Structures are given as C-alpha cells and as structure tokens.
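Inspection log for the structure reproduced underneath, given as structure tokens.
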C-alpha cells in the first residue's frame, strides 16, 4: 500500500474515534445515570460538553492547522484526545466525567479540521481524492452509527468506562501510522495571526445558547438567567459577525457567504447533522425506556442504519455524476425526511422489525448525500484554505448536531411536562414529547432537501469563484503588501 493510502487510514481512524464519541455515550446513558447519580440535564451535559467544546473551537483548530501545520495539529489533537479518553473512562463522578469530555472536545477540535485538509493536500488526482473523501465519509458514518452498538454492548456486559478506554489503543495505533507516513503541509500565504475576538465571541454565543436550551425547562424559560443567556447569545452572534466582517485576519471570511454553493451547502450540512445527532440521543432513550430494549439490543437496532450509511456513502461518487450533485443531495435529504417520518409514527408498542423501514431509509439518505455535498463545499473554497474549509464544514456539522440535541430536548421536555400536568403517564408523556421533537426535525430535513436542490444546481463540479479567490487572497496578504491587496492571487 502506498504512503498516501496509509495517511488515509490514519485520518479515517481519527475521524472514526471522534465521530464515535459523538454518540457512544447515548445508549450507555441509563447505565451512566445509575452509576453516577445524574439528572437528565446532567446526562445532556455528558453528551453536550464534548460537542460544545468541539464545535466552539473547530474554526480555531482549522486556522491553527493552516498556519502552524496540519501534521503538527493532527498529532497534538490526537494525543490530547487519547489521554482525555483514558481519564473519562476512569471518572468516578459526573463532574470529572464532564471535565474529561470537555478536554476530549479540545483534542477533537484540533484533530478533526486537519483530516479533510490532509486528504486535500495528499491526493492530487481528482478521482483518487473523491475516492478518499468517500472512504473517509463512510468510515466516519460507521463511527457515528456503530457508537450506539459499542456503547450498549459495553455498558451491559462491562464497566461503562470501557466506552472511552477503547479509544486508547486506536489512538496509539493512529499516532504510530501518522508519525511514520504523514508529511507537513500548511497555508504558506497565511499571516500568522489568530482572530482571538472572533474565537471568544463565537464560543460565548454557542455556550450561552446551549446552556439556555439545556437548563431552560428546569430553571424556567422566562427566568432571568435563561432569558439573559438567550440575550447574551444574540449579542455575541452580532458581535462575531461585526468582528469577522471588519477583521484583517478573520476566522471566517464573510465573503464566503456570497457564494450560493458555499452558503447553501453549509446550511444543508447543518440540517443533516441536526437530524442525525439529535435523533440518536433521544432515540436511544426511547428504545430502552419506552420499548424496554436492553442496551445491546438498542445498539443493535442502529446497525442496519449504519450499514446503509456506509454502503450509500461509497455508492454516492458513482451516483452523483449521473444525477448531478444537487439532485443527489436533495434525494438523500428527502429519503432521510421520509424515513424519519415513518419513525415518528411509531408508538410504545413498536417492534425491532417495525423500526427497520424508517431506520434503513434514513441511513440510505444520510449516506447518499454526504460525499457529493462535502465535495461541493470543499471546492467552493480556494485549496490553500483547506484547513479552514474542513473546519467550517465540521464546525457547521457539530454546531447543528449540538443544537439538534438541545432543541429537540427542549421541545421534548416542554411537551413532556405539559402532558404530565394533564395526567399522562411518564412513558406516554415522554413519547408525546419525543414525537413532537421528531416532527420538528422532519420539517427541517424537508427544507434541507429544497435548499440542496436549489443551491447546488449546476454547481456540482465548480471550483471556487475567481472573485472569491481574489478577495480571500487579499485578506491573507501580509500587512506590508497592503498596496497590492485585491490584485495578487494567494500563492499555491
């Protein structure tokens, strides 16, 4: 096997680990709750703390990778993530576990933006690059989808800490492969400046929003603390947009959103992730608390969906040239919408077999649209900014996944509380809230199918627009080249 394919193995293993940790805890949640005596809000923090730091710092990680080197950031992030996994497995209290998950999120934020950037730098041939992105997507989907099975089996038959311990040997193997095969790459045109105000304002906005959504039901949606958090989030978003539009070294160039392909594609990716990650968390609870599945059986229910996601991710590069990226992405989102609608119709007496039509359709759609969408969004940006492109793509996915958990959770708890006040049983009340949360997601996925068709139409093979490249090149030029800003393209 040639060196570049070993590099693909390393970045795919790293992606598998980080995606696995997005939802490996989901099926193990009841076991962890019993062991560490956590509330529902505490359980959401076990999952959300990781995604919160991950999403908040992804753009920072992408910028750091472009400036200081993708190999360096890959190895640093991988080391932090692996060590934090060890401490998460050893946790004896909810606070320690949440703290370890926060550090895991930091490691993942440094690690993940480098993966697509390294693929873009390693594979010069367009066909090989597409195959590599397809393999990377399929392996990431497997990590996302097999997480519930791994978490369920371990939590039922072993101590739940092993859901984190398994990252240690995988991390060590990945580190060994990366050290021996991976060469350094960076954006040589980038000035070595970090957008610290942009980083702080974006992280503050995300944290305030997530805190309000998680704690709103318990503390009261109109309480001063929760309304204050929503206000802080809104102000921080406005400040972030102002900073990014005026900064000489922006973390996110506002010029990018002039591109219909980039803006639309990123929006579709966010809606995809909202559906995937938001559903996993609460469906795992539904399978165990309402249907009475064991952790292993609940995890097993996700396996057919995982297989569909992986199969259709590998088929997508053959389908997309024939249908066009816009039709392929829209078809995938429509399949997800239909599958989730079928699932939302199930009640408290569903069987393993009755779950499968919705799961299979949802998995097929999720796998089909991911590779062409990733290709389109990556090629809407100049190649020398591949670290930030990868970070933006992953950041949008993680932020949306985080919002999926918190928004669906807010809908679920609000509707569940109303049903309990009207005398419904605990199981019936949960099912009411769960169904309403699913229907919100169904509507968003249907909207995503429409956006994908319109925004990506006739743009499946487009590269970054020349005017966009020139603008970004101007932003990246060093200060002493101010006289030539906007004229010279960024160096390749």
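Any idea which of (1) modelled with pLDDT of 90 or more; (2) under 28 Å from residue 362 (Cβ atoms); (3) over 22 Å from the mean Cα position of the chain (by Cα) is the one residue 104 doesn't satisfy?
So the condition that residue 104 fails would be (3).
Collect the residues in the stretch 414-435 that are buried (at least 17 other Cβ atoms within 10 Å of the Cβ) and free of Cβ contacts under 8 Å to residues at least 40 places away in the same chain, keeping them in residue-number order. Before the answer, list the steps.
From the stretch 414-435, those buried (at least 17 other Cβ atoms within 10 Å of the Cβ) are 415-416, 419, 429-435; that's our starting set.
Correct list: 415, 416, 419, 429, 432, 433.
Please go through the stretch 207-238 and give me each residue that is out of contact with any helix residue (DSSP H, G or I) (no Cβ under 7 Å at 6 or more places or on another chain) and closer than 14 Å to residue 407 by Cβ, ordered by number. Steps first, please.
Step one: list which residues in the stretch 207-238 are out of contact with any helix residue (DSSP H, G or I) (no Cβ under 7 Å at 6 or more places or on another chain), which gives 221-224, 227-228, 231, 234-235, 238.
The answer is 221, and nothing else.
What about residue 13, is it touching a residue at least 60 places away in the same chain (Cβ under 8 Å) and within 15 Å of the chain's Cα centre (by Cα)? Can you show your working first?
Numbers: touching a residue at least 60 places away in the same chain (Cβ under 8 Å): yes; within 15 Å of the chain's Cα centre (by Cα): no.
No; evaluated as a whole, the condition is false for this residue.
Just one of 416, 469 is at pLDDT below 85, assigned to a helix (DSSP H, G or I) and over 22 Å from residue 216 (Cα atoms); which is it? Spell out how you get there, then give the answer.
On the way: 416 fails: over 22 Å from residue 216 (Cα atoms).
Of the residues listed, the single one that is at pLDDT below 85, assigned to a helix (DSSP H, G or I) and over 22 Å from residue 216 (Cα atoms) is 469.
Based on what the data block shows, is residue 305 within 20 Å of the chain's Cα centre (by Cα) and surrounded by 22 or more Cβ atoms within 10 Å (Cβ to Cβ)? Spell out the reasoning first.
Details: within 20 Å of the chain's Cα centre (by Cα): yes; surrounded by 22 or more Cβ atoms within 10 Å (Cβ to Cβ): yes.
Answer is yes for this residue.
Which condition from (1) assigned by TED's automatic domain parsing to the domain that holds residue 445; (2) surrounded by fewer than 24 Cβ atoms within 10 Å (Cβ to Cβ) is the one that residue 316 breaks?
Tallying (1) assigned by TED's automatic domain parsing to the domain that holds residue 445; (2) surrounded by fewer than 24 Cβ atoms within 10 Å (Cβ to Cβ), residue 316 fails exactly one: (2).
Give the number of residues within the stretch 264-302 that are farther than 29 Å from residue 429 by Cβ and surrounded by fewer than 19 Cβ atoms within 10 Å (Cβ to Cβ).
Of the stretch 264-302, the ones farther than 29 Å from residue 429 by Cβ are 264-270, 272.
Add one more test, that the residue is surrounded by fewer than 19 Cβ atoms within 10 Å (Cβ to Cβ), and what stays is 267.
Residues flagged as farther than 29 Å from residue 429 by Cβ and surrounded by fewer than 19 Cβ atoms within 10 Å (Cβ to Cβ) within the stretch 264-302 amount to 1.
Which residue out of 386, 380, 390 is more than 30 Å from residue 215 (Cβ to Cβ), in a loop (DSSP other than H, G, I, E, B) and modelled with pLDDT under 85? Break it down stepwise before answering.
Numbers: 386 fails: in a loop (DSSP other than H, G, I, E, B); 390 fails: in a loop (DSSP other than H, G, I, E, B).
One residue alone meets the criteria, 380.
Looking at 204, 199, which is the one that is without any contact (Cβ under 8 Å) to a residue 60 or more places away in the chain, more than 15 Å from residue 24 (Cα to Cα) and in contact with a helix residue (DSSP H, G or I) (Cβ under 6 Å, 6 or more places away or on another chain)? Break it down into steps so the answer makes sense when it comes.
Values: 199 fails: without any contact (Cβ under 8 Å) to a residue 60 or more places away in the chain.
Of the residues listed, the single one that is without any contact (Cβ under 8 Å) to a residue 60 or more places away in the chain, more than 15 Å from residue 24 (Cα to Cα) and in contact with a helix residue (DSSP H, G or I) (Cβ under 6 Å, 6 or more places away or on another chain) is 204.
For the stretch 207-226, give me each residue that is in contact (Cβ under 8 Å) with a residue 12 or more places away in the chain and at positive phi.
none
Could you tell me which of the residues 122, 92 is crowded, with 16+ Cβ neighbours inside 10 Å and assigned by TED's automatic domain parsing to the domain that holds residue 51?
On the way: 92 fails: crowded, with 16+ Cβ neighbours inside 10 Å.
None of the other options fit; the residue is 122.
Given the criteria modelled with pLDDT of 90 or more, crowded, with 21+ Cβ neighbours inside 10 Å, under 20 Å from the mean Cα position of the chain (by Cα) and outside any loop (DSSP other than H, G, I, E, B), does residue 57 qualify? Working first, answer last.
Values: modelled with pLDDT of 90 or more: no; crowded, with 21+ Cβ neighbours inside 10 Å: yes; under 20 Å from the mean Cα position of the chain (by Cα): yes; outside any loop (DSSP other than H, G, I, E, B): yes.
Here the answer is no, as residue 57 does not meet what is asked.
Can you tell me which of 83, 110 is without any contact (Cβ under 8 Å) to a residue 60 or more places away in the chain, within 21 Å of residue 180 (Cα to Cα) and surrounded by fewer than 19 Cβ atoms within 10 Å (Cβ to Cβ)? Don't jump to the end; show me each part of the working.
Details: 110 fails: surrounded by fewer than 19 Cβ atoms within 10 Å (Cβ to Cβ).
So the residue among 83, 110 that is without any contact (Cβ under 8 Å) to a residue 60 or more places away in the chain, within 21 Å of residue 180 (Cα to Cα) and surrounded by fewer than 19 Cβ atoms within 10 Å (Cβ to Cβ) is 83.
I'm told residue 361 meets every condition in (1) in a helix (DSSP H, G or I); (2) surrounded by fewer than 19 Cβ atoms within 10 Å (Cβ to Cβ) except one. Can you identify the failing condition by its number?
(2) is the only condition that residue 361 fails.
Might you check whether a residue that is over 25 Å from the mean Cα position of the chain (by Cα), touching a residue at least 12 places away in the same chain (Cβ under 8 Å), more than 18 Å from residue 60 (Cα to Cα) and exposed (fewer than 14 other Cβ atoms within 10 Å of the Cβ) occurs anywhere in the stretch 227-241?
no
Among the helices (runs of 4 or more DSSP H) confined wholly to the stretch 84-200, which include 3 or more residues that are touching a strand residue (DSSP E or B) at 6+ places or on another chain (Cβ under 8 Å) and over 23 Å from residue 73 (Cα atoms)? Outline the logic, then answer.
Details: elements: 94-122, 126-157, 162-165, 167-181.
Because the criterion is at least 3 residues that are touching a strand residue (DSSP E or B) at 6+ places or on another chain (Cβ under 8 Å) and over 23 Å from residue 73 (Cα atoms), no helices (runs of 4 or more DSSP H) in the stretch 84-200 meet it.
The values are calculated or read from the model by the stated rules, or taken from the named source; none is laboratory data. Just so we're clear, the structure is a prediction, and the values are computed from it rather than from any experiment. Please note: Cβ atoms are built from the backbone with ideal geometry, for glycine as well, and neighbour counts cover all protein chains shown.
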